[in-house]
Amino acid sequence: MPTTTQAREILAALRLENVRYAIRDLAVLADEVAKTGKKILPLNIGDPLKFDFATPPHMIEATHKAMRDGHNGYAPSLGVDEGIQAIAGEAERRRIRNVQSIFVTAGVSEGVELCLTSLCNTGEDVLTPAPEYPLYSAVLAKIESPINAYYLDEEKNWEPNVEEMASKITPRTRGIVVINPNNPTGAVYSRQTLEAICDLARRRNLVIFADEIYDKLILDDGVEHISLASLAPDVPVITFSGLSKPYLAPGWRIGWAICSGPKDALKPYIEGVHKLLRARLCCNAPMQYAIKPALEGPQDHVKEMNGKLRRRRDLTVKWANSTPRVSCVSPKGTFYAFPKLDIPGDDLDFVKGVLTEKQVLVVHGSGFGHKPGTKHFRIVFLPYEQTLAKAYAGMADYLREHYK
Ligand SMILES: Cc1ncc(COP(=O)(O)O)c(C=O)c1O
């Protein structure tokens, strides 16, 4: 048999065309800048462990002990009982009633993927926010669901306009994604907005996906994070959270989903999700033993983290609102800010410019699918104050040098 070489390109599936990965637009440029030996100021990485935040020792000890105790085999598909019980306790503290199922996944990311895959037939959609966290459009592209976006309203502290949301619903719409506290805007939604969303889902028979991974990162006194599911025990809600953000263990890949709402109505859907959970066997076993100590043990690190983030947020907002051509709605939670730019060119050119000339790495708002015609960039304010101050001085110089 003659040997052959395969010369033709191996094309990726067309369904991936809607997968957005904003940072990719900048990766090549960032590599070039790094090669010149200049140090990049990274205001783009949403991983607290890259900065001065550390996984609480009691969680590390619990994982280590689980390994020493021999919990190194497959775990139950829905998760180890101890962790599930602790999540049930957390659901109760968050006033979520009518809980029908709880399961542990490889981060919120896997939970989102399994839950959307179990809901949508090809061509059906769920409403997703714009700007968005790109995981959702990536999963929807994979399951061949068209993007159906509702806008977050900058004039209203980045809360969604529920009337506009309602106008986007079609007979093929199955659910609504609500990210609260929000990435990339840092908004924490009011009770009134959340109630209006619940009411809409109730009237139109939709499932709500409430991504609450930043629930404990609240930076303003007097602002309360309300779990959406607590407002509507009669509406099907899947609440996502996990150990990645307030519990400072993103590399462990532990997330969970709490399914609440009407038992009979949810039954076939939950059975579908469980089928997929069984098909992928289980998620990381030893790390699941850190869930109980995380949720029920000392919470000092959360207070400490929020203190640092508050100072970094204040520095960020003060800079943005005192710099010509920049303005910013103050984020009430998370570690993200989404300032607006008032410049003639587009925001990708701006972020490429500040990367090349000032070595500051931020992500352009158009990469998050914000409202067409607007210009933004996303800041991750996890770095030290000195790093942030240096980056902001560089961006202010860039704006002064390039725009009259
Ligand atoms: C809104 C949102 N949801 C989910 C995730 C992913 O979480 P996990 O690490 O649990 O997969 C992130 C990570 O940045 C996020 O910002």
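The values are calculated or read from the model by the stated rules, or taken from the named source; none is laboratory data. Since we're looking at a predicted model, the values are computed, not measured. Reconstructed Cβ throughout: ideal geometry from the backbone, glycine too, with neighbour counts over all protein chains shown.
Structure notes:
- Among residues of the range 134-160 that are closer than 9 Å to VAL19 by Cα and not assigned by TED's automatic domain parsing to the domain that holds ASP25, those with a Cβ under 8 angstrom from a residue that is within 16 Å of the ligand (Cβ to nearest atom) and of a type in the set (Phe, Trp, Tyr), sequence gap 6+ or separate chain, pair up as PRO134/TYR21; PRO134/PHE368; ALA138/TYR21.
- Only listed residue being modelled with pLDDT of 95 or more, in the same structural domain as ASP264 (by TED's automatic domain parsing) and touching a strand residue (DSSP E or B) at 6+ places or on another chain (Cβ under 7 Å), chosen from ALA166, ALA196, ALA232, ALA210: ALA210
- So PRO324, is it surrounded by fewer than 23 Cβ atoms within 10 Å (Cβ to Cβ), within 14 Å of the ligand (Cβ to nearest atom) and on the phi < 0 side of the Ramachandran plot: no
- Residue check, TYR269 among the aromatic types (Phe, Trp, Tyr) and in contact with a Ser or Thr (Cβ under 6 Å, 6 or more places away or on another chain): no
- Residue in the range 321-337 that is within 28 Å of GLU32 (Cα to Cα) and assigned to a helix (DSSP H, G or I) present: no
- When the range 158-167 is limited to residues that are touching a helix residue (DSSP H, G or I) at 6+ places or on another chain (Cβ under 8 Å) and assigned to a helix (DSSP H, G or I), the one that is surrounded by the most Cβ atoms within 10 Å (Cβ to Cβ) turns out to be MET165.
- Residues of the range 187-228 satisfying the condition of being within 12 Å of TYR133 (Cβ to Cβ) and either assigned to a loop (DSSP other than H, G, I, E, B) or without any contact (Cβ under 8 Å) to a residue 24 or more places away in the chain (or both): ILE213, TYR214
- Every residue from the range 248-277 that is surrounded by fewer than 24 Cβ atoms within 10 Å (Cβ to Cβ), within 16 Å of the ligand (Cβ to nearest atom) and in a loop (DSSP other than H, G, I, E, B): LEU248, ALA249, ARG253
- Checking THR170 against (1) assigned to a loop (DSSP other than H, G, I, E, B); (2) touching a residue at least 40 places away in the same chain (Cβ under 8 Å); (3) within 30 Å of ARG310 (Cβ to Cβ); (4) of a type in the set (Val, Ile, Thr), the condition it does not meet: (3)
- Residue among VAL178, VAL188 that alone is assigned by TED's automatic domain parsing to the domain that holds GLY123, crowded, with 22+ Cβ neighbours inside 10 Å and out of contact with any helix residue (DSSP H, G or I) (no Cβ under 7 Å at 6 or more places or on another chain): VAL188
- All told, ILE226 falls short of being within 16 Å of the ligand (Cβ to nearest atom) and within 20 Å of the chain's Cα centre (by Cα).
- Some residue of the range 260-278 being of a type outside the set (S, T, N, Q) and either on the phi > 0 side of the Ramachandran plot or not assigned by TED's automatic domain parsing to the domain that holds LYS65 (or both): yes
- Top-ranked residue in the range 350-389 [being in a loop (DSSP other than H, G, I, E, B) and without any contact (Cβ under 8 Å) to a residue 12 or more places away in the chain; ranked as surrounded by the fewest Cβ atoms within 10 Å (Cβ to Cβ)]: GLY373
- Of the residues making up the range 58-72, those that are outside any helix (DSSP H, G or I) and closer than 12 Å to MET287 by Cα are HIS71, ASN72.
- Meets criteria (at pLDDT below 95 and either surrounded by 24 or more Cβ atoms within 10 Å (Cβ to Cβ) or more than 26 Å from ALA88 (Cα to Cα) (or both)) for LYS142: yes
- Qualifying strands (runs of 3 or more DSSP E) (wholly inside the range 95-157; at least 3 residues being within 15 Å of the ligand (Cβ to nearest atom) and within 20 Å of ILE258 (Cβ to Cβ)): 99-105
One line per residue, one yes/no per condition, for (1) free of Cβ contacts under 8 Å to residues at least 60 places away in the same chain; (2) crowded, with 17+ Cβ neighbours inside 10 Å; (3) more than 25 Å from the chain's Cα centre (by Cα):
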residue	(1), (2), (3)
GLY46	no, yes, no
PHE51	no, yes, no
ALA54	no, no, no
MET59	no, yes, no
ALA62	no, yes, yes
ASN72	no, no, yes
VAL80	no, yes, no
GLN85	no, no, no
